[in-house]
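As structure tokens, the structure follows; a few thoughts come after it.
The values are calculated or read from the model by the stated rules, or taken from the named source; none is laboratory data. On a predicted model such as this, the values are computed, not experimentally measured, just so you know. When we count neighbours, we look across all protein chains shown, and the Cβ atoms used for this are built from the backbone with ideal geometry, even at glycine. Note: areas computed on protein heavy atoms with side chains; ligands, DNA, RNA excluded. Shrake-Rupley method; radii C 1.70, N 1.55, O 1.52, S 1.80 Å.
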Amino acid sequence: QLVESGGGLVQAGGSLRLSCVASGGIFRMHDMAWFRQAPGKDREFVAAITWNGESTYDGDIVKGRFTTSRDNVKNTVYLQMNSLKPEDTAVYYCAARPIVTSSYNSWGQGTQVTVSS
């Protein structure tokens, strides 16, 4: 199970930190990622981090503004979002991918992020 938190309403230029807590055997030996979906748009990749935290990958839309990290003791992955823009408004989802597979097969319920102009 994956449970996101930390979403909310913020003004443009502000910051938020999302958290995603994993349980039920999900986390260890899993790559973790963040996706988002705005109303009327397809789900898009935001950022990812490998199971050991050694590598991160950022989507072009957030590069330089968002940072993902993980705490393998707390079974938690984070998304630090800085310099937020109104176009970052979306539901943000946490996802997990076992390192032996190629697809994310566990998803959280999402947390709403709204950025006002």
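Points to keep in mind about this one:
- Taken over the Cα atoms of the chain, the convex hull encloses 93 Å³ per residue.
- Per residue, the convex hull volume that the Cα atoms of segment 55-117 enclose (Å³): 113 Å³
- Simple spin-label estimate for K85 and Q112 gives 2.3 nm between the two label positions (7 Å along the Cα-to-Cβ direction from each Cα).
- Nearest-0.05 FRET efficiency for S103 and K41, computed from C-beta distance (R0 22 Å): 0.60
- Peptide ranges 36-47, 19-30, 77-88 listed from the most packed, as the mean C-beta count within 10 angstrom indicates: 77-88, 19-30, 36-47
- Share of carbon and sulfur in the accessible heavy-atom surface of the chain [1.4 Å probe, %]: 48 percent
- Surface accessible to a 1.4 Å probe, per residue, for the residues of segment 41-117, Å²: 53 Å²
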